[in-house]
Structure formats: C-alpha cells, structure tokens
Ligand SMILES: Nc1ncnc2c1ncn2[C@@H]1O[C@H](COP(=O)(O)OP(=O)(O)OP(=O)(O)O)[C@@H](O)[C@H]1O
Ligand SMILES: [Mg+2]
C-alpha cells in the first residue's frame, strides 16, 4: 500500500514536470487548411535513452513551402528520415499522401520514395561522375527514358539552377553553393511531388543563401508540390516559408502560416525567431 502511494505521488510529480517542460508548446499539430501532404501523428522515437521525438504531431501542407526550424539536435533530420522510411517510429504514425509509411511493404515503400526529391546537406553528389551524369543518374536508374530525352531534361534542370555551363565539371571542382544547386537539380529530375531540403543553407555565405532561397521559391512557383525545408536560419525562413513549424524537445512548439509565427506571442517562438539570448532556450 505504502509503495503504491509513493509511486502514485511519483507519477504525479513526473506528469507535473512534463507539463512544465512543455509549457511553451502551445500549437499541437493543427491540420492546415490547404490539406496536409505529410502528417506526423503522436510520433515517438528514441535512440537508447535519448528520447528524440516525444509525441510529435505535425502537418506539412500540400503545395506550399514549409520550413521546420528548431535548435540543433532536436530531431529535424530524424524527421526527414521518417518521411522517406529510412527510420521508423517507435510509436505513432507518419502519413504521406494518405499512406502510412511505416506500414508499407518494401515494394510499395520503394514506389512511394519516387514521390520524393531529397537534397542532403552537402548535395551528396557522386564524386566520380561529372555534373551531367550526376543529374542524369536518377533518370537512368528510375525511368525508362532514352538518352535524348534525358539530355533534354538534364540541360533544362542545370539551366534552371544556373549551372548550364558546368555540366562537364567534376563535383570537387565546384564550390559548396554550386554543389548544393547541382544537388537541387538532381533532386528535381524525376518531377517529385515532395521535395525535402536538409539545411540547404548550411555552409553558404549570406549572399549565396539568399540566392538559393530565391531559387527554391522560383522552382516551387514553376513546379508546385510540397517543399519541406529544414534550417536554423531565420533569414531563410523569412524569405521563403509559407508555413512554419517550430520544433523543440521532440514536439512542435507552434506551427502555422509563417506570418502568424513571426507575430507570435509565444516566448519560445519569439526568442527563437528573433535570435535573442534571453528567453526559455538556454545552452542546456
Ligand atoms: N542513427 C542514430 N543513432 C543514434 N542517435 C541518433 C541517430 N540519428 C540521430 N540521432 C540523435 O538524435 C538527435 C537528433 O538528431 P538530428 O540529426 O535529427 O538533429 P537535428 O535537429 O537535425 O540537428 P542539427 O540542426 O544539428 O542538424 C541527436 O541527439 C542525435 O544524436
Ligand atoms: Mg540535422
């Protein structure tokens, strides 16, 4: 009896501590009006004792540029891996265009991945291939197109990202910004319905970052689809986001139309979006 009482008191204390920890989390995953291309439903993911996603509810709207921002190590890249089925939730579900990604059999997961274009942090080009072959690679391996058509598409995509004259270059001859643009061109060749960018702006100077943001907006205006951009850069978020989700401690603090978030009264969101040192976020 005494033991039970003590554990009840312990549970209550733990619940209270948790409620306190999440006191700034005011925006529990409201579905967007546009309809969501991707939904996280109560997703939990831990690595050993490191609980990374802790009941994440997040909707990413169709046909908009969404940005996910949050402090380092909060699980932004882990989210991307869940979207494409490279990681599975311990609990909860990840829905892409109405399909539950963790429950798809391998063959269907393979098909579903064709919806996605992914731009990894460093562009992830194949070092032994020139730019042309890098960008042509997905078309040669995942489509039945002939070389004439491939050439047409590759030239168009390289032109679009401002690399029309660089198709013979090897990746190590390119600057960081060029590699990112090339990775972007390659992510687009299969005309994906969803494009994921993991920190496209990391390692770029402010001018290159601004240019890349413009490029993302232009390409989105032309092609449409659900774009998800992960960044810590508030300037990038101001420039391109239609929709913003602020992630912290494995849950969404607040999400919604970008303008709403930039006008938020939430102390954490305000601190993070204005880059101030005073506020709920410390060095921890
Ligand atoms: N495969 C893995 N095995 C073990 N731990 C992992 C793995 N992948 C990620 N983690 C842990 O999950 C946490 C979140 O990592 P993640 O890379 O998603 O952070 P992030 O928000 O993308 O950070 P950053 O802004 O620095 O890129 C970190 O503590 C990381 O160590
Ligand atoms: Mg990351």
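The relative contact order of region 124-190, computed from alpha carbon pairs under 8 Å that lie at least 6 residues apart in sequence, is 50 percent.
The mean sequence separation of alpha-carbon pairs under 8 Å and at least six residues apart, normalised by the residue count of the chain, gives a relative contact order of 25 percent.
In region 124-190, inverting the average of 1/r over every pair of distinct C-alpha atoms gives 11.5 Å as the Kirkwood radius.
Rounding to the nearest 10 and keeping the result within 0 to 90°, find how far the Cα-based axis of helix 176-188 lies from the longest principal axis of the chain. Helix 176-188 sits at roughly 90 degrees to that axis.
Shape analysis of the chain yields a ratio of the Cα radius of gyration to the Kirkwood radius, Rg/Rh, of 1.02. Helix 206-223 axis versus longest C-alpha principal axis of the chain: approximately 80°, rounded to the nearest ten.
Take the Cβ atoms of residue 265 and residue 111, set R0 to 41 Å, and the FRET efficiency comes out at 0.40.
Mind checking which of 256, 48, 92 has the largest fluctuation in a GNM of the chain, springs on alpha carbons under 10 Å? Its mean-square fluctuation being the largest, the pick is 48. If each DSSP helix of 4+ residues adds -39,500 (n - 2.57) and the sum is divided by the residues in the chain, what number results at 222 nm, nearest 500 deg cm²/dmol? My calculation for the chain gives -12000 deg cm²/dmol from helical runs alone. Our summary gives region 198-284 a relative contact order of 20 percent, counting only alpha carbon pairs under 8 angstrom and 6 or more residues apart. Against the chain, whose longest principal axis is taken from its Cα atoms, helix 147-160 shows a tilt of about 60°. Considering only 117, 176, 146, the Gaussian network model of the chain with Cα springs below 10 Å gives its largest mean-square fluctuation to 146.
Sorted from greatest to least, the principal axis extents spanned by the alpha carbons of region 190-284 come out as 42, 27, 23 Å. Of all the options 130, 50, 223, the one that moves most in a Gaussian network model of the chain with Cα springs shorter than 10 angstrom is 50.
The tail of the calculated P(r) for region 156-226, taken as Cα-Cα distances beyond 20 Å, holds 25 percent of the pairs.
When both region 166-225 and region 58-111 are represented by their alpha-carbon centers, they are found 21 Å apart. Per-residue packing, averaged as other Cβ atoms within 10 Å, sorts the ranges 99-112, 178-191, 153-166 into the order 178-191, 153-166, 99-112, beginning with the highest.
DSSP bridge analysis restricted to the chain gives an antiparallel fraction near 55%, rounded to the nearest 5. Summarised in one figure, the compactness ratio Rg/Rh of region 107-266, Cα atoms and Kirkwood Rh, is 1.00.
For region 49-124, the C-alpha radius of gyration sits at 1.14 times the compact-globule guess of 2.2 N^0.38 Å, with N the residue count. Over the C-alpha atoms of region 32-159, the Rg to Rh ratio, Rh being the Kirkwood estimate, stands at 1.02.
A short reminder: the numbers here are calculations on the coordinates, not readings from a lab. Quantities reported herein were computed from a predicted structural model and do not represent experimental measurements. Here the Cβ is made from the backbone with ideal geometry for all residues, glycine too, and neighbour counts use every protein chain on show.
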